[in-house]
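The values are calculated or read from the model by the stated rules, or taken from the named source; none is laboratory data. This one's a predicted model, so the numbers in the text were calculated from it and none came from an experiment. A quick note on method: Cβ atoms are made from the backbone with ideal geometry, for glycine too, and the neighbour counts reach across all protein chains shown. Heads up: the accessible areas ignore ligands, DNA and RNA and are worked out on the full protein's heavy atoms, side chains in. Shrake-Rupley method; radii C 1.70, N 1.55, O 1.52, S 1.80 Å.
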Amino acid sequence: MHQNENQKPGIVKEKEIWAISGLPVLILGGLFIVAGVIFLILFRQINIPIIILIGAVSFLMFGGIKVLKPQEAFVFTFFGKYHGTLKGPGIFFVNPFCVAFVPAPTAATTMAALNFGGKRISLRTKTIDNDKQKINDQLGNPVIIDTVVIWRIVDTAKAVFNIENCAEYLSVQCNSSLRNIVSLYPYDLPKDSDTDEKTLRGSTQEIAHRLKMEIQAKVENAGLEILEARITNLSYAPEIAAAMLQRQQATALIDAKQTIVEGAVDIVQLALKRLSDNGIVDLDEERKAAMVSNLLVVLCSNRDAQPVVNSGSLY
């Protein structure tokens, strides 16, 4: 295999091989074997050359027959060298001396986890879901985060020859990229913050896209394509979750009180204006202040007001 000038040493790139249809070869091989058997039966004696010829033809013809389903591929080596990749569904005939090659699974992953069907390599879309991780955000707060990465093999030669195990390699790169991305963003920002800084909780789509790009850059040499990266779980670590919940509750309570006070002031202003415009009663400044105080207490209180009936004079 000749390397290009821009190709790094030791990096194998995919090349597709051309193969003829295997169905005619299969039929011819079957007819030849049947003819040889009939010949032996007619002569009723063991003919060693004929038997050897039948065995050789069987190996040359049937040994090169390969069957592929949709989204599957064969990676062939020829006497230890990369020969090429066969893709596409159907039955094909290739050089019978070529050997289909797949990497051996490690202790961490099995052949089923790699989606290798025998000697075939699956090109289907796969999903990897790493375990939840505890990572410190930009502010140093520990957060629990989980991601799902959707990927597939696009360069079979790189996936087979450049790395030992593509699934295990991808898992490690996902963890590394996730730690890098999370450390660049805070979990959340105060509500009154004037900055447009992105956060883990508020900018999930942007961060997921950046995570996808970083993982893709790291697995390019493995012949993998990252289709999507999603954050499926995001929360504070248990040791600070209670304190952060109290802070969120306090912030929500303050916001609620502020809204109540603003509404109460508007109601008091409207009440004073209506009383004055309709000439129902004339109040001096001291009585207005007392009325405002009473209305604010009633409107802003967490409990129902207890009315007091004044059966005497106005003052």
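Check off (1) under 30 Å from Gly29 (Cα atoms); (2) surrounded by fewer than 19 Cβ atoms within 10 Å (Cβ to Cβ); (3) hydrophobic (A, V, I, L, M, F, W, C); (4) at pLDDT 90 or above for Phe93 and give me the number that stays unchecked.
Looking at each condition in turn, Phe93 falls short on (2).
Just one of the numbered conditions (1) open to solvent by 60 Å² or more (accessible area, probe 1.4 Å); (2) modelled with pLDDT of 70 or more is not true of Ala242; which one?
(2)
Among the residues of region 75-90, how many are part of a strand (DSSP E or B) and over 34 Å from the mean Cα position of the chain (by Cα)?
Residues of region 75-90 part of a strand (DSSP E or B): 75-78, 81-87, 90.
If we keep only those that are over 34 Å from the mean Cα position of the chain (by Cα) too, we end up with 78, 81.
Residues in region 75-90 being part of a strand (DSSP E or B) and over 34 Å from the mean Cα position of the chain (by Cα): 2 in total.
Looking for something under 23 Å from the mean Cα position of the chain (by Cα), at pLDDT 85 or above, over 30 Å from Gly80 (Cβ atoms) and open to solvent by 20 Å² or more (accessible area, probe 1.4 Å) - is there at least one such residue anywhere in region 113-124? Reasoning before the result, please.
Narrowing region 113-124 to residues under 23 Å from the mean Cα position of the chain (by Cα): 113-116, 121-124.
Next, only the ones that are at pLDDT 85 or above stay: 121-124.
Cutting the leftovers down to over 30 Å from Gly80 (Cβ atoms) gives us none.
No: zero hits.
For region 166-189: of the residues being open to solvent by 10 Å² or more (accessible area, probe 1.4 Å) and of a type in the set (S, T, N, Q), which is farthest from Thr85 (Cα to Cα)?
At the first step, the residues of region 166-189 found to be open to solvent by 10 Å² or more (accessible area, probe 1.4 Å) are 167-169, 171-173, 175-176, 179-180, 183-185, 187-189.
With of a type in the set (S, T, N, Q) added as a condition, the list becomes 171, 173, 175-176, 180, 183.
Working: Ser171: 25, Gln173: 26, Asn175: 31, Ser176: 31, Asn180: 35, Ser183: 41 Å.
Selected residue: Ser183.
Would region 161-177 turn up any residue that is modelled with pLDDT of 90 or more and in a loop (DSSP other than H, G, I, E, B)?
no
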